[in-house]
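What follows is one structure encoded as structure tokens, with my remarks underneath.
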Amino acid sequence: MGDILKSHPATFYHYEPLLHYGIHQVRPSNPKLAQDALRVLKSLLQCNYEGLDDYISYGKSHYWLFTHNERLWDHCRKGQNPACWAPSTLQRICSLHPFQSLKTVRLRLELARDILEDKALLHTKILHISRKHRDWCPGQPDCDEPDHLCSDLLADYSAAVALLRDYPSRFMVFRYEDFSQDPYIHSETVLRFFNFAYTESIRDFLRSHTGVNKGGVSSTFRDSNKAPYHWIKDLSPEEVRRIQGPCREAMKAWGYIPMGERDYIEPQGFKPLGNYTLRGG
């Protein structure tokens, strides 16, 4: 979704600005980390790079932090222009763009309320894409341990209910699978939410990126009809049971259907998506 929004010619894209934290989720249970993460995100949304030394330093040795932002990366001669690592230069380039787009998978949704409540960010809108519990950062304990992940999903659901109630014009939710089933229609919905035009550059991006799988786990080239469901054949029945066990409540909240014994034998007929609603009580 971040790459769809950055296809708009007036957008400056901040890709995963919490990468320097490593594979760690930022939760309310760690207030020190949460406070720092919110400081980083709010600063970037305002094109303020002062005090972001860790972020900039990480980008110097991990170019992919900035390569997703072609408008910056091309101007900086693909990292070879030393002036581009100066906060003042980054601020000037960032400020030339009317729209700031930021994507992160590390901040839990409950903490995002702080951004919407900030009076300096009254025009900020948030799109939350909920991704299924059976398919993210395999082998990384902080986000693929079922207890952690399903607790996060349930907390995100509660936060989404509250944010939709309190900020209906500034907060939107999609399940990743729903979006992938029809990226063209849902992209139009998201673009309207952000008051973006559905430009030809965005159509070109969708045409070139949603029909084929190419690249690694961070690639944006995805066959949108297959990408959300590859776990069905990739995970063993034992792995699915291990994940689904502690996830019943979170799965029910987000409308995910548990895989049953017959589904392990005939997985091609399994339909993992049910209905869900975002409302309290």
Would you check if Gly79 is assigned to a loop (DSSP other than H, G, I, E, B) and farther than 25 Å from Phe196 by Cα? yes
Spot the failing condition for Thr189; the list is (1) at pLDDT 85 or above; (2) surrounded by 17 or more Cβ atoms within 10 Å (Cβ to Cβ); (3) hydroxyl-bearing (Ser, Thr, Tyr), and only one is missed. (2)
Out of region 38-66, which residues are free of Cβ contacts under 8 Å to residues at least 24 places away in the same chain and of a type in the set (Val, Ile, Thr)? Val40
For region 32-44, indicate whether the set of residues that are in a loop (DSSP other than H, G, I, E, B) and either surrounded by fewer than 16 Cβ atoms within 10 Å (Cβ to Cβ) or of a type in the set (A, V, I, L, M, F, W, C) (or both) is non-empty. no
Could you grab me the full set of residues in region 239-281 that are within 18 Å of His128 (Cα to Cα) and among the small types (Gly, Ala, Ser)? Ala250, Ala253, Gly255, Gly280
What residue, of Pro246, Pro272, Pro267, is surrounded by 11 or more Cβ atoms within 10 Å (Cβ to Cβ), modelled with pLDDT of 80 or more, over 18 Å from Asp147 (Cα atoms) and not hydroxyl-bearing (Ser, Thr, Tyr)? Pro272
Phe205 fails exactly one of (1) at pLDDT below 85; (2) under 16 Å from the mean Cα position of the chain (by Cα), namely (2)
Which listed residue is touching a residue at least 60 places away in the same chain (Cβ under 8 Å) and surrounded by fewer than 17 Cβ atoms within 10 Å (Cβ to Cβ), from Pro28, Pro17: Pro28
Given (1) out of contact with any strand residue (DSSP E or B) (no Cβ under 8 Å at 6 or more places or on another chain); (2) under 22 Å from Asp114 (Cα atoms), where does Gly59 come up short, assuming only one miss? (2)
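Each row is one residue, and each column tells you yes or no for (1) modelled with pLDDT under 95; (2) assigned to a helix (DSSP H, G or I).
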residue	(1), (2)
Ile93	yes, yes
Glu110	no, yes
Ile115	no, yes
Leu127	no, no
Sole exception among (1) modelled with pLDDT of 95 or more; (2) surrounded by fewer than 12 Cβ atoms within 10 Å (Cβ to Cβ) for Cys47, by number: (2)
Condition broken by Gly59, with the remaining ones in (1) in a helix (DSSP H, G or I); (2) surrounded by fewer than 20 Cβ atoms within 10 Å (Cβ to Cβ); (3) modelled with pLDDT under 95 satisfied: (2)
Tell me which of these Asp54 doesn't satisfy, since it passes every other one: (1) buried (at least 19 other Cβ atoms within 10 Å of the Cβ); (2) under 30 Å from Ser29 (Cα atoms). (1)
Condition set of a type in the set (D, E, K, R) and under 20 Å from Tyr63 (Cα atoms), scope region 1-44, selection nearest to the chain's Cα centre (by Cα): answer is Glu16
Please go through region 150-186 and pick out each residue that is crowded, with 19+ Cβ neighbours inside 10 Å and among the β-branched types (Val, Ile, Thr). Val173
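Please verify whether region 231-238 includes one or more residues that are without any contact (Cβ under 8 Å) to a residue 40 or more places away in the chain, hydroxyl-bearing (Ser, Thr, Tyr) and exposed (fewer than 13 other Cβ atoms within 10 Å of the Cβ).
For region 231-238, residues without any contact (Cβ under 8 Å) to a residue 40 or more places away in the chain, hydroxyl-bearing (Ser, Thr, Tyr) and exposed (fewer than 13 other Cβ atoms within 10 Å of the Cβ): present.
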Which residue out of Glu50, Glu110, Glu70 is of a type in the set (D, E, K, R) and under 16 Å from the mean Cα position of the chain (by Cα)? Glu110
Surrounded by 11 or more Cβ atoms within 10 Å (Cβ to Cβ) and either modelled with pLDDT under 80 or not hydroxyl-bearing (Ser, Thr, Tyr) (or both): is that true of Arg262 in this structure? no
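The values are calculated or read from the model by the stated rules, or taken from the named source; none is laboratory data. All figures in this text were calculated on a predicted structure; none of them were measured in a lab. A quick note on method: Cβ atoms are made from the backbone with ideal geometry, for glycine too, and the neighbour counts reach across all protein chains shown.
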